[in-house]
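The structure under discussion appears below in the form of structure tokens.
The values are calculated or read from the model by the stated rules, or taken from the named source; none is laboratory data. Keep in mind the model is a prediction, meaning the values are calculated, not measured. Cβ coordinates were reconstructed from backbone atoms using ideal geometry, including for glycine residues, and neighbour counts include every protein chain displayed.
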Amino acid sequence: MKILRLLPALILVAGLTFSGCKPKDADIKANVEKALKENPAATGVMVMVNEGVVTLSGDVSDAAAQAAVASTAQGVKGVKSVTNNTVLPPPPPPPAPVVIAADDPLTKAVTDATKDFPGVTAMVSEGVVTLTGTITKARWMKLKPMLDALNPKSVDPKGLTIN
Amino acid sequence: MTLQNKYKELTDAATAAGVSGLQVREQDGVLYIDGTAPSGAVKDQLWATYDKIDPNFLSGDVVMDVKVGMDAATTKVKVVTESSNLNIRKGPGTDQPIVGKAAHGEVITLVSQGNEQWWLVRTDDGEEGYAYAQYLSAEA
């Protein structure tokens, strides 16, 4: 029965021996941080280690950097697993929708713009400027930019004879 | 082919030519290209490129509003009508009474850019009113 009395002591010795072989959490943390230092995209990343489990947090610039920091950490000796809690920047806001001029002010603006283009008739409906008539190429090259500046939905010259 | 691809040469040219605030947006089958060109020559070149891709702009699938950047300190503008005099009106609109005229090629004073289409100007004779901005060019 002597062996039974010695058992707790043996377990303690065994435990100390094995834990002595594993890198300590603090060392793992230092090594992960050192490995991450080589990646400039990882400057905002923080490292925590608990029993070999690495938790990464903080900001990364993009998805590629996010994946890279996790695989870098995974490659460090003694790391059992990596929990990647790093955060990507929010996506850029979608561009503002194109604002189309209302028909009344657009009609007035189109009348002003086409005043000096005799032979051209413009109709405005739901933002679309429809042109008919005849115009020279050189004059059309002047008129189209003027019309496009009035915030129309589109300018339809299919009824216009350009020569 | 998407509109962005169809007009890629045009938007690339706008970027290369230094168009500032360039915005390219596709909405309901129309490509809207907005920005400010560094010079009138750049604007003309972009319109020539657009005409090359879509001759005579017949497809009607682009609305390009590229303005020409103007120095805020500009006070003199030149009348660039085809050949005729430029009407100066009481208010912004062709329905407004004519209060004066500026000759083709005349250099007049820019008082303020009332809106994009109509600028407030003053001639050397002291006539003041609104003129159509397309017929005014910043005097170098």
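Which of the residues belonging to the range B:41-58 are surrounded by fewer than 14 Cβ atoms within 10 Å (Cβ to Cβ) and basic (Lys, Arg)? Result: B:LYS52, single match.
For beta carbons closer than 8 Å, sequence separation of 6+ or different chains, a first residue in the range A:30-44 that is assigned by TED's automatic domain parsing to the domain that holds A:ALA65 and assigned to a helix (DSSP H, G or I) and a second that is of a type in the set (Lys, Arg) and modelled with pLDDT of 85 or more, the qualifying pairs are A:ASN31/A:LYS77.
Helices (runs of 4 or more DSSP H) fully within the range A:47-163 that include at least 2 residues being more than 14 Å from chain B (Cβ to nearest Cβ) and more than 30 Å from A:VAL32 (Cβ to Cβ): none found. A:MET123 meets all of the listed conditions (1) farther than 17 Å from B:TYR32 by Cα; (2) among the hydrophobic types (A, V, I, L, M, F, W, C); (3) surrounded by 15 or more Cβ atoms within 10 Å (Cβ to Cβ) but one, namely (3). For beta carbons closer than 9 Å, sequence separation of 6+ or different chains, a first residue in the range B:1-26 that is free of Cβ contacts under 8 Å to residues at least 12 places away in the same chain and a second that is charged (D, E, K, R), the qualifying pairs are B:ARG25/B:ASP34.
Mind listing whichever residues of the range A:135-163 are of a type in the set (S, T, N, Q) and either in contact with an Asp or Glu (Cβ under 8 Å, 6 or more places away or on another chain) or within 15 Å of B:TYR135 (Cα to Cα) (or both)? Listed by number, the residues that qualify are A:ASN151, A:SER154.
The number of residues in the range B:121-140 that are in contact (Cβ under 8 Å) with a residue 24 or more places away in the chain and within 10 Å of chain A (Cβ to nearest Cβ) comes to 2.
Considering only residues in the range B:59-71 that are small (Gly, Ala, Ser) and under 20 Å from A:ILE162 (Cβ atoms), the one that is surrounded by the most Cβ atoms within 10 Å (Cβ to Cβ) turns out to be B:GLY60.
Here B:VAL79 does not qualify as surrounded by 14 or more Cβ atoms within 10 Å (Cβ to Cβ) and facing chain A (nearest Cβ under 10 Å).
Each row is one residue, and each column tells you yes or no for (1) in contact with a strand residue (DSSP E or B) (Cβ under 6 Å, 6 or more places away or on another chain); (2) touching a residue at least 24 places away in the same chain (Cβ under 8 Å); (3) under 21 Å from B:LEU46 (Cβ atoms).
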{"site": "A:PRO94", "(1), (2), (3)": "no, no, no"}
{"site": "A:PHE117", "(1), (2), (3)": "no, yes, no"}
{"site": "A:THR134", "(1), (2), (3)": "yes, yes, no"}
{"site": "A:MET141", "(1), (2), (3)": "no, no, yes"}
{"site": "A:PRO145", "(1), (2), (3)": "no, no, yes"}
{"site": "A:LEU150", "(1), (2), (3)": "no, yes, yes"}
{"site": "A:SER154", "(1), (2), (3)": "yes, yes, yes"}
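Under the condition of being more than 14 Å from chain A (Cβ to nearest Cβ), over 13 Å from B:ASN85 (Cβ atoms) and buried (at least 17 other Cβ atoms within 10 Å of the Cβ), the residues counted in the range B:95-120 number 2.
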